[in-house]
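The values are calculated or read from the model by the stated rules, or taken from the named source; none is laboratory data. The structure presented is a predicted model; accordingly, all values stated were derived computationally and were not measured. Ideal geometry is used to build each Cβ from the backbone, glycine not excepted, and the neighbour counts take in all protein chains shown.
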Amino acid sequence: MSSTIIERPEAAVPDGRPATNAGLPPRPSLKKRFRADQLTAWGFIAPVVAYLVIFYAYPLFKNVDLSVRDYTVRSFIDGNAPFVGFANFTAIFQNPTFGPALVHTLLFTGISIAFQFTIGMALAVFFFQNFRLSSTLRALFLVPWLLPLIVSASTWSWMMNSDSGVINSVIQSFGGTGINWLTSPHWALVAVIIANIWIGIPFNLVILYSGLQNISTDIYEAASLDGANASQKFWRITFPLLKPVSAITILLGLVYTLKVFDIIWIMTKGGPGDSSTTFAIWSYQLGFGSTLPDFSPAAAVGNLLIVIALIFGFLYLRVQKRQDA
Amino acid sequence: MSSITTRLSNVAPGSRRRGRRTWHKTLLGLVFTAIMLFPIYWMVNVSLTPADRMRSSPPSWFPFAPTFDGYIAVIQQQLPYLGTSLVIGLGTVLLTVVVAAPAAYSLAKLRPKGGGALSFVLLVAQMIPQVIVAMGFYAIYLNLGILNQPAGLIIADSTLAVPFGVLIFTAFMSGIPDELMSAAKLDGAGTMRTFLSVVLPVSRNSIVTVSLFAFLWAWSDFVFSSTLNSGGDAQTITLGIYRYIGNNNQDWNSIMATAVVASIPATILLIVAQRYVAAGVTAGAVKD
């Protein structure tokens, strides 16, 4: 699919033009020209560098600064915030929310990705069979991914409503008892994971599908000639050849899922209690969740989250680099 | 949509036989799609269900007696929010393209020293959780006194799209043949002129892809809206829905009607620009 867009625009180069500068007057020395070219090159880059410094580096620096000081709303106004070193981090580690938040972050990320990836892979293989309407239906699968998260999250909230939700209604019609999806501490995390899996399937489907497109059909034909059946073809050809793409899909999924905030906040606000609180939620709760914000611990939790995200991020870059080589 | 229809009409000869053999797969595909899109159907269904039927058990699976009260409420109460989101979305698109496109041109064609490091920083930038960037922005905006300003929100929203934009533009612009640029140079065009009148027009497709995602992300943003712009006059539609849920806890008919209206841009973009969407999802993640 991507190749349709990133197609090389065929150049309409007038023919007969000399490629070298043979007929031109002598140019300035190589060194000088190189320096001038570099100046132009950096002129074009300058806006984005300035942008990154002001709108990425500085907020992140501010965040680190917040986490090693004792900031309150007052400190913003009078500019006084005592330096406390790692005290905020120590306080975070000893906080009773830390353990549950860590476990929930791991469960939320791990379970979400396991399901998103498996379902996405199954659907990619299914849609790759190229039946009538397959491309239209595959396009429709993208819809959940493009909707604003607040739309998806509030729709799931109502579907999971204990008394009037359609999901409990279906469970009851099969003779089961309704579940307090969003209000029971046992189910709240499951509920947000289900909604998150639903949102993540399209992304996995699209990337794995583009990976399938890059596998040569000759291999499958050869396998058919050798009498391989469908499951052998999947496990012996598709799965091994998709490994590089799978690794990238999963690592990107990790980076994205660690960041998830909107869905959980809108559906449960991390509750009841802290039963669906992840690091992202905890950080927001501390910083913006109450009328008396605790910016410094919030920033400390945030920095912890950045470190985790960056570990997976660098892993992703390594894998991608190895594939390019 | 056009790409879908052409693909359907271009089916190879002999496909009629294939079509007969694969009808059960089509059927299965329809079932999968129906399950996947069920929440969206349910959102539309609830948005048309009258308030007195909302809590009936079992819930009504089809709006036999649809009400448009929810949509009337949207028009009466949410229009300003939709307007704000539109302005912020367009502002984000503009800022993103203006900052990202020249940098990508340089990275792709002008071989700047340290370009590799910059690409690396841009990749890493995409991995930083939004909640944390929001906190940094909050601290800075509070100091500068520009909290609750639409301009501040546009800047914050653009941080989602600028790194992505540079990467997409770079991937595309590296594919532009060097001959095209040498030709412009021989005709006496400077680097700026070449960029504006040769590179940009040729890169139209990638501009569409980047704009589309920049707009959708800004339109859908909740974290920045709720932290940097929760107290101002001009508030976004995501915050509108959020407030709605908070204030009218029981009025799901209107909440879902607002949700349906907020989904319209995504739906339109998917229909008219499906191939650009798929390109944006895969580019950057997988290299062909």
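Residues in segment A:155-180 that are closer than 22 Å to A:Asn196 by Cα, over 28 Å from the mean Cα position of the chain (by Cα) and in a loop (DSSP other than H, G, I, E, B): A:Ser162, A:Ser164, A:Gly165, A:Gly178, A:Ile179, A:Asn180. Scanning segment B:172-213 for residues that are touching a Ser or Thr at 6+ places or on another chain (Cβ under 8 Å) and either part of a helix (DSSP H, G or I) or surrounded by 21 or more Cβ atoms within 10 Å (Cβ to Cβ) (or both) yields B:Phe172, B:Met173, B:Met181, B:Ala184, B:Lys185, B:Thr191, B:Val210, B:Ser211.
Each residue in segment A:97-147 was checked for being among the charged types (D, E, K, R) and in contact (Cβ under 8 Å) with a residue 60 or more places away in the chain, and 1 pass.
Evaluating B:Ala103 against the criteria (1) hydrophobic (A, V, I, L, M, F, W, C); (2) at the interface with chain A (Cβ under 8 Å from one of its Cβ atoms); (3) surrounded by fewer than 21 Cβ atoms within 10 Å (Cβ to Cβ) leaves one unmet condition, (3). Scanning segment B:47-63 for residues that are part of a loop (DSSP other than H, G, I, E, B) and not small (Gly, Ala, Ser) yields B:Leu48, B:Thr49, B:Pro50, B:Met54, B:Arg55, B:Pro58, B:Pro59, B:Trp61, B:Phe62, B:Pro63. How many residues, within segment B:113-139, are facing chain A (nearest Cβ under 7 Å), farther than 17 Å from A:Val307 by Cα and in a helix (DSSP H, G or I)? Number of matching residues: 3. Is it fair to say A:Gly302 is at the interface with chain B (Cβ under 10 Å from one of its Cβ atoms), crowded, with 23+ Cβ neighbours inside 10 Å and either on the phi < 0 side of the Ramachandran plot or at pLDDT 85 or above (or both)? Yes.
Within segment A:264-299, being crowded, with 22+ Cβ neighbours inside 10 Å, among the hydrophobic types (A, V, I, L, M, F, W, C) and more than 9 Å from chain B (Cβ to nearest Cβ) holds for A:Ile264, A:Met267, A:Trp282, A:Leu286. The residues of segment A:153-182 that are more than 10 Å from chain B (Cβ to nearest Cβ) and touching a residue at least 24 places away in the same chain (Cβ under 8 Å), listed by number, are A:Met160, A:Leu182. Would you check if A:Gly273 is touching a Pro at 6+ places or on another chain (Cβ under 9 Å), modelled with pLDDT under 85, not in a loop (DSSP other than H, G, I, E, B) and not aliphatic (A, V, I, L, M)? Spelling it out, it is not the case that A:Gly273 is touching a Pro at 6+ places or on another chain (Cβ under 9 Å), modelled with pLDDT under 85, not in a loop (DSSP other than H, G, I, E, B) and not aliphatic (A, V, I, L, M). Within segment B:221-250, the set of residues being within 23 Å of the chain's Cα centre (by Cα), within 11 Å of chain A (Cβ to nearest Cβ) and assigned to a loop (DSSP other than H, G, I, E, B) comprises B:Asp221, B:Phe222, B:Ser230, B:Thr236.
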